[in-house]
Amino acid sequence: MDIGEEPMINIEIHNDDRQRAVEILKSKNFGNRSSGFNGNYEKQYTGLIGELTVHRLLGLDPPNYNEGRIDTDVLINNKKVDIKSMLRKYDMRDSWVHNFVGYQKEIGSDVLLFININRNTKTVQICGWLDKKNFLETADFYNKGDTRTRDDKTSFKTKAPLYEIKQEKLNKLNNINDLKNI
């Protein structure tokens, strides 16, 4: 499939979600994980935009973060869904990967929902999903400190245990009804 033809839900970031994420982060810091590998402001903002967008598309009230971070981002059909959002400068491509930090694998979720946020177009792409068990069995795994080489031949040392899966391996989402039926 050509770039941009991959089935996924594309939606502009809603201004209310932007404002809500900024307000939440004025008083909350979700980057204080006991396991380490804490997210900076931009990563926390990215995660909140993904969560707020999914709640909006499902017709749900936005999450209440008064008690701090909850272990389930959203329930869909009684399944605990962990939303994993990444910020990029481009639309998602089949050969690109979604990440899942190994420190979070013990969180009690049933499904991982992957999101790409394009900072240039200010759009959220709800890319696809996998049940967590299947994800952990099929994703590529890198130990903390391993060298990870990207398709473009650049590389980096992983700062945490890291699972990666290509976009093409996810269960596709063509529309909001697909999202509601995870």
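The values are calculated or read from the model by the stated rules, or taken from the named source; none is laboratory data. Keep in mind the model is a prediction, meaning the values are calculated, not measured. Heads up, the Cβs are rebuilt from the backbone with ideal geometry, glycines too, and the neighbour counts pull from every protein chain shown. Just the protein is used for accessible areas: all its heavy atoms, side chains included, with ligands, DNA and RNA removed. Shrake-Rupley method; radii C 1.70, N 1.55, O 1.52, S 1.80 Å.
Couple of notes before you dig in:
- Two-site FRET efficiency, E23 against K153, from Cβ-Cβ distance with R₀ of 45 Å, rounded to 0.05: 0.65
- HN-Hα J in Hz across segment 146-155 - Karplus 6.51, -1.76, 1.60, θ = phi - 60°, x for Gly and Pro: 5, 8, 10, 9, 7, 4, 7, 6, 6, 9
- Max mean-square fluctuation residue, GNM over the chain, Cα-Cα springs under 10 Å, options T46, T158, T149: T149
- For a modelled paramagnetic label at I11, 7 Å from Cα along Cα-to-Cβ, the residues of segment 122-165 in reach, with backbone nitrogen under 14 Å, are 123-128.
- Rounded is the label for the chain, because a/c, from the alpha-carbon gyration tensor with a ≥ b ≥ c as root eigenvalues, stays below 1.5.
- Average accessible surface for the chain: 55 Å² per residue, computed with a 1.4 Å probe over protein heavy atoms with every protein chain in place.
- When both segment 42-98 and segment 119-182 are represented by their alpha-carbon centers, they are found 13 Å apart.
- Within the chain, helix-based [θ] at 222 nm, where runs of 4 or more DSSP H residues each add -39,500 (n - 2.57), nearest 500: -7000 deg cm²/dmol
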